[in-house]
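Enquirer: Take this structure first; my questions come after.
The values are calculated or read from the model by the stated rules, or taken from the named source; none is laboratory data. Nothing here was measured: the structure is a model prediction, and the numbers come from that model. Note: ideal-geometry Cβ built from the backbone for every residue, glycine included; neighbour counts use all protein chains shown.
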Amino acid sequence: MKKIIFLILMASVMACNSSNTFTETELNLIGNSADAGKMTVLQTTAKADSLLLRQVSADFTPEDLRSAPYAILQSRLLATVNDPDHPGVGIAAPQVGILRNLIAVQRFDKEGEPFEFYANPVIEVYGEQTAIGMEGCLSVPDRSEAVNRSQSIVLSYLHEATGERIRETVEGFTAVIFQHEVDHLNGILYIDRMVELPSDAAGDTMEE
C-alpha cells in the first residue's frame, strides 16, 4: 500500500512539473540544482547578448510559479545579484538569458532590506513627481548615467501561491529599482532613458 501511495504522489509531482511552460533552452540555462550558484550575466558589449536584452519577455503561468525550475531560477538569480565581485540591488531574468517576466528587487523600504521576487510585474501608475539619479547596470559594464524616474509607482504582480494579482504602492529609491527592472522585461535599458545631469546634482549610483 505504501508503495502505491508513493507512486501516486510521484505521478502527481511529475504531472505538476510537466504542466509548466519552460522551454528546453530555458531549462538548460536554469539547470537542475539551486546549488549551481550564480548565472552568467549578459553584457551589452557582446552583440548576441545585446540583441537578446532588447527582446520583450513572456509571462509565467500560475503553474510555472509552482514548478521546480521556477524555484531553481529564483535561487540562482539571487546568487547572481549577490555576487560579491559584482553585487547589485536588482536583477531581471532576461539578464541571464531567460526571457520571462521575473525580477528580484532589494526592498530598501522594508526592515532588513530583503531581496524579493516578483512574477509578471506591471507598473500600472507612475507618480507625477520625478527626480534625476545616477544608475548603473550589471549588463552595461563600466558605465553610469543620469536617469529621470518617478518617485512613486503602483505595482501589480502575481502572487506565487494563489496566482492572484497583487497591487501595492512603492516609493523612493525602491520605486526607482522597480522601474529599472521592469524596463528590462520590455527590452529597455537605462541608457535609453539618459538625461543630462544637473550641475549641482550629487548622490550614489544605483548598481543593478
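Enquirer: Taking into account only those residues within the stretch 84-117 that are surrounded by 21 or more Cβ atoms within 10 Å (Cβ to Cβ) and not hydrophobic (A, V, I, L, M, F, W, C), which is nearest to GLY163 (Cα to Cα)?
Expert: That would be ASN101.
Enquirer: Still on this structure, I have one more. Please identify the pairs in which a residue from the stretch 20-40 that is more than 20 Å from ASP83 (Cα to Cα) and touching a residue at least 24 places away in the same chain (Cβ under 8 Å) has its Cβ atom under 9 Å from the Cβ atom of a residue that is assigned to a helix (DSSP H, G or I) and among the aromatic types (Phe, Trp, Tyr), counting only partners at least 6 apart or on another chain.
Expert: ASN20/TYR70; PHE22/TYR70
Enquirer: Being β-branched (Val, Ile, Thr) and in a loop (DSSP other than H, G, I, E, B) is the filter; apply it to the stretch 57-106 and report the residue that is farthest from ASP142 (Cα to Cα).
Expert: THR61
Enquirer: Quickly run through the stretch 25-56 and pick out the residues that are within 20 Å of GLU181 (Cβ to Cβ) and part of a loop (DSSP other than H, G, I, E, B).
Expert: Answer for the stretch 25-56, where residues must be within 20 Å of GLU181 (Cβ to Cβ) and part of a loop (DSSP other than H, G, I, E, B): LYS38, MET39, THR40, VAL41, LEU42, GLN43, THR44, ARG54, GLN55, VAL56.
Enquirer: Examine the stretch 193-208 for a residue that is more than 18 Å from the chain's Cα centre (by Cα), crowded, with 16+ Cβ neighbours inside 10 Å, without any contact (Cβ under 8 Å) to a residue 60 or more places away in the chain and under 27 Å from ALA46 (Cβ atoms), and state whether such a residue exists.
Expert: Yes, the conditions are met somewhere in the stretch 193-208.
Enquirer: Being in a strand (DSSP E or B) and on the phi > 0 side of the Ramachandran plot, is that true of even one residue in the stretch 156-174?
Expert: no
Enquirer: Within the group ARG76, ARG54, which residue is surrounded by 18 or more Cβ atoms within 10 Å (Cβ to Cβ) and in contact (Cβ under 8 Å) with a residue 24 or more places away in the chain?
Expert: Within the list ARG76, ARG54, the selection yields ARG76.
Enquirer: When GLU135 is evaluated against the numbered criteria (1) of a type in the set (Asp, Glu); (2) over 20 Å from ALA175 (Cβ atoms); (3) touching a His at 6+ places or on another chain (Cβ under 7 Å), which criterion, by number, is the only one it fails?
Expert: Of (1) of a type in the set (Asp, Glu); (2) over 20 Å from ALA175 (Cβ atoms); (3) touching a His at 6+ places or on another chain (Cβ under 7 Å), only one is false for GLU135: (2).
Enquirer: For the stretch 12-24, which positions are assigned to a helix (DSSP H, G or I) and modelled with pLDDT of 95 or more?
Expert: GLU24
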